[in-house]
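K.L.:
This structure is in structure tokens; I'll ask about it shortly.
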Amino acid sequence: VLERFLQEGRMSALLWEVCQQQAQAGSPELQEALLNKVVCLPDHVSNKLQGKTPSVFFPQNYFPLLGGAIIQVLQKISDSLRGGLDCSISFVSHVLGKVCVHGRQKEILSILVPRLNDLTKSDCIWQRICWRLVECVPDRWMEAVVLGFVQRAPGADALSRLLGNLVVKNKKAQFVVTQKVLLLQYGQTTAVLQNLLGYLSLESLRRALLIKVLQELLETWGSSSAVKHSPPEQQQYISKAILICLSHLKEPEIESCRQELLTSMMEGVKCHLDSNLPQIRRLGMIVAESISSKINTDGPILKFQVKVKMKFMSGAQGHQVIQGIIASSNAYLGIRKGSNAFKTRGYLFTKKQFDDDLIPYDMSEDKELKTKAPVYIRDCIEVLTGSEDVDKWEATVKALESLVRKNPAATREVSVELAKILLHLEEKTCIEGFVELRQRAQVAVLTTDPIPVVKYLTSQFYSLNYSLRQRMDILDVLVLAAQELSYPKSHGKTKHSGAQKPRIQLLPGSDSSKDWRRIVDERIKSKTRRFATGQSQMELASGPNEFSSVAGHFFFPLIQHFDRPLTTFDLLGEDHFVLGRLVHTLAVLMYLAVNTAAVTAMGRALLEFVWALRFHTDSYVRQGLLSCISSVLLSVPMERLLEDMTEELLETQSWLGDVVEKDPDGDCRRLSLQNLLLMENLKKKL
């Protein structure tokens, strides 16, 4: 009977009858009972029939059918109003609200929104019916209905016709639109943001809310606490909303809040540029440039050395959308795109200057003169410290790494002096890849004479009068040198089976008794006939781990003085970016120290270091701390972990559980989960 009831369209008749009863003050108890049965009919039927439910009662079929019935009832209400008769829409609003709050917005609104959008385009009575439909939804269900309409409306114009001035009349709807969707959530798409903010901009009564929304978004965007504690996805979401709001502002509105926009821009861009995450810094630059271009239409505008591509959508929407960030414009050499100027040796010339002032020479047969690089290490030191010959200086910088590696004995005599020169070396001319050349030379010096040079570099990391860039250069060099020392020198030898081996010649005076087995093996191989040659095999590179004996010299000096602020260097204060780099460096050094004698002491010290900084506000630092935990679990032998660090591991496990549940940064949650899985694997091995 119920199946026939639905298939023959009697649901619309039921809804229409209740609407007429409401107009005549019908029984509220009956209406409440009908509301529950209409909305929950699929649940009631499936509970009774236990898997033998007819398809018409499936939610994906029932709720679109209910949406069609609502459209039929609204049509009858429209006809009644045109005929001068009273009727109530309240019961239909309650049905819509309860269906949406039960999570069935998609099914019912996929029928309602397109049909209502067509009916309201040219009919003011249908617009009033639609406005009344959403206004009569109870506050407890208003959020689900408003979100459903915002997400499924084809545009801001359509949303304005469907909702009218709902956000002005209903406080709950206003809270959802101006606060919850924009500031308390960040999962909506860009299209939803465009619909929402475009809706606020299309009517004079709602434009005051648009200005208020922009002010609150800028306040959140400029809050250092929000930048530190909210995930990058939310920062991007807020930045999109700000850009869309800016695109809707008119000149009088900009004039009225110009000073406030400027203040917000200055505070916000400082917070974003202080962040350790590149995407946060870029978002700050994008929004700051957009605000500056809006408030300074005549004067100079803010410009960073990052090219940003914006897209203004055509049509009535005029929405501004982030498309992405193009490459950083840091090319010092070469012609800049779209420009007449180019640089050479630090001077700027233009084509016009060349055309007007200089007569070009015929240089077709000229040959480039190559300056010979020094062949001794001490000559390199003299050139780098005192030579005025720019060409010779360039040649020295390019040849220094290979020279150091070819002359290890000479390098050890002046290793610390050479490391000091390279640490302070600045670019005299525009050498392509200067930073990489200097870094490779530093790594070569450090790997050639590890202990004296690493003592010098680690002592300078906490010294006065160094820039943050130099301190980070020290960390980079330590990591690269540790990697080189920990890996075998040879990268594999090709061995052909069956190849003829030369006869072994014993050196005069050697003790043949010690090598008798090797000699016998070589003779057997040389006299063995092979009838088929297999594929050439790659021998795995092997050799002593040179990092094993010096791992402590790399690690412990870096971990000693992190909590002692200097006049120009405060790791626990404003220099948290360098702290993040330091933490990541310690994690790498710990990982490379596997199978070394000092690994247990290093692991214990690193766990204490992590424990002291575990509540750091910067997500980049916390990511490094979690990487340190991973390195300890992977490098320290399982027996030493369980015997020497039991308490530390238990405390760390409890902290990791809190990070998985509560940390706002997604990467931190992922890393902590990986660490918990590593700990579980240790338990299983026991």
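K.L.:
Given the conditions (1) open to solvent by 30 Å² or more (accessible area, probe 1.4 Å); (2) modelled with pLDDT of 90 or more, and given that GLY187 satisfies all but one, which numbered condition is not satisfied?
P.N.:
(2)
K.L.:
Sticking with this one: For region 48-75, name all the residues that are under 22 Å from ILE129 (Cα atoms), among the aliphatic types (A, V, I, L, M) and open to solvent by 50 Å² or more (accessible area, probe 1.4 Å).
P.N.:
Of everything in region 48-75, just one residue is under 22 Å from ILE129 (Cα atoms), among the aliphatic types (A, V, I, L, M) and open to solvent by 50 Å² or more (accessible area, probe 1.4 Å), namely LEU65.
K.L.:
Residue pairs, Cβ under 9 Å, 6 or more apart or interchain, first in region 669-686 and free of Cβ contacts under 8 Å to residues at least 24 places away in the same chain, second surrounded by 18 or more Cβ atoms within 10 Å (Cβ to Cβ) and of a type outside the set (A, V, I, L, M, F, W, C). List them.
P.N.:
If the second residue must be surrounded by 18 or more Cβ atoms within 10 Å (Cβ to Cβ) and of a type outside the set (A, V, I, L, M, F, W, C), the pairs left are ARG669/ASP663.
K.L.:
If only one of LEU193, LEU197, LEU209 is touching a His at 6+ places or on another chain (Cβ under 8 Å), open to solvent by less than 60 Å² (accessible area, probe 1.4 Å), under 30 Å from CYS271 (Cβ atoms) and part of a helix (DSSP H, G or I), which one is it?
P.N.:
On the way: LEU193 fails: touching a His at 6+ places or on another chain (Cβ under 8 Å); LEU209 fails: touching a His at 6+ places or on another chain (Cβ under 8 Å).
It is LEU197.
K.L.:
Sticking with this structure for a sec: Checking ASN276 against (1) touching a strand residue (DSSP E or B) at 6+ places or on another chain (Cβ under 8 Å); (2) outside any helix (DSSP H, G or I): exactly one of these is not met. Which one?
P.N.:
Among (1) touching a strand residue (DSSP E or B) at 6+ places or on another chain (Cβ under 8 Å); (2) outside any helix (DSSP H, G or I), ASN276 violates only (1).
K.L.:
Considering only region 238-252, I want to know if a residue exists there that is of a type outside the set (Gly, Ala, Ser), open to solvent by 20 Å² or more (accessible area, probe 1.4 Å) and in contact with an Asp or Glu (Cβ under 7 Å, 6 or more places away or on another chain).
P.N.:
No, because not a single residue in region 238-252 is of a type outside the set (Gly, Ala, Ser), open to solvent by 20 Å² or more (accessible area, probe 1.4 Å) and in contact with an Asp or Glu (Cβ under 7 Å, 6 or more places away or on another chain).
K.L.:
Counting only residues that are under 20 Å from LEU205 (Cα atoms) and either touching a His at 6+ places or on another chain (Cβ under 6 Å) or open to solvent by 40 Å² or more (accessible area, probe 1.4 Å) (or both), how many does region 131-168 have?
P.N.:
Adding up the residues that qualify gives 6.
K.L.:
Okay, moving on. Within region 407-426, track down each residue that is open to solvent by less than 50 Å² (accessible area, probe 1.4 Å) and not in a helix (DSSP H, G or I).
P.N.:
Of everything in region 407-426, those that are open to solvent by less than 50 Å² (accessible area, probe 1.4 Å) and not in a helix (DSSP H, G or I) turn out to be VAL414, LEU425.
K.L.:
Kindly indicate the residue of region 46-96 that is hydroxyl-bearing (Ser, Thr, Tyr) and not in a helix (DSSP H, G or I) and also nearest to PHE149 (Cα to Cα) among those meeting that condition.
P.N.:
SER88
K.L.:
Of all residues in region 427-462, how many are touching a residue at least 12 places away in the same chain (Cβ under 8 Å) and assigned to a loop (DSSP other than H, G, I, E, B)? Quick ask: steps written out before the conclusion?
P.N.:
Let us first name the residues in region 427-462 that are touching a residue at least 12 places away in the same chain (Cβ under 8 Å), namely 428-432, 434, 437-462.
Imposing the further condition that a residue be assigned to a loop (DSSP other than H, G, I, E, B) reduces the set to 428-432, 449, 462.
The qualifying residues number 7.
K.L.:
Between SER467, SER486, which is open to solvent by 30 Å² or more (accessible area, probe 1.4 Å) and either of a type in the set (Gly, Ala, Ser) or farther than 23 Å from ILE377 by Cβ (or both)?
P.N.:
Values: SER486 fails: open to solvent by 30 Å² or more (accessible area, probe 1.4 Å).
Criteria check complete, one pass: SER467.
K.L.:
Please find, within region 612-650, the residue that is nearest to the chain's Cα centre (by Cα) out of those that are closer than 14 Å to ASN675 by Cβ and exposed (fewer than 14 other Cβ atoms within 10 Å of the Cβ).
P.N.:
LEU634
K.L.:
Of the conditions (1) part of a loop (DSSP other than H, G, I, E, B); (2) under 30 Å from the mean Cα position of the chain (by Cα); (3) modelled with pLDDT of 85 or more; (4) not hydrophobic (A, V, I, L, M, F, W, C), ASP563 fails just one. Which one is it?
P.N.:
The number of the failed condition is (3).
K.L.:
Has region 203-222 got any residue that is among the hydroxyl-bearing types (Ser, Thr, Tyr) and at pLDDT 90 or above?
P.N.:
yes
K.L.:
Name the single residue, out of those in region 78-100 being open to solvent by 70 Å² or more (accessible area, probe 1.4 Å) and of a type outside the set (D, E, K, R), that is nearest to LEU65 (Cα to Cα).
P.N.:
LEU81
K.L.:
Could I ask something else about it? Would you confirm, using the coordinates I've provided, whether THR585 is under 22 Å from ASP476 (Cβ atoms), among the polar types (S, T, N, Q) and in contact with a Ser or Thr (Cβ under 6 Å, 6 or more places away or on another chain)? Give the steps one after another, and end with the answer.
P.N.:
Working: under 22 Å from ASP476 (Cβ atoms): yes; among the polar types (S, T, N, Q): yes; in contact with a Ser or Thr (Cβ under 6 Å, 6 or more places away or on another chain): no.
Taking the combined requirement at face value, the residue does not satisfy it.
K.L.:
Please list, ordered by first then second residue, the pairs with beta carbon atoms under 6 Å, 6 or more apart or interchain, first in region 98-115 and touching a residue at least 40 places away in the same chain (Cβ under 8 Å), second of a type in the set (Lys, Arg).
P.N.:
LEU109/ARG152; VAL113/ARG152
K.L.:
I've got another one for you. Please indicate, with yes or no, whether at least one residue in region 36-47 is of a type in the set (S, T, N, Q), open to solvent by less than 50 Å² (accessible area, probe 1.4 Å), in contact (Cβ under 8 Å) with a residue 60 or more places away in the chain and out of contact with any strand residue (DSSP E or B) (no Cβ under 9 Å at 6 or more places or on another chain).
P.N.:
no
The values are calculated or read from the model by the stated rules, or taken from the named source; none is laboratory data. Values in this document were obtained by computation on a predicted structure and should not be read as measured data. So basically every Cβ, Gly included, is an ideal-geometry build from the backbone, and we count neighbours across all protein chains shown. Surface areas here come from the heavy atoms of the whole protein model, side chains and all, with no ligands, DNA or RNA. Shrake-Rupley method; radii C 1.70, N 1.55, O 1.52, S 1.80 Å.
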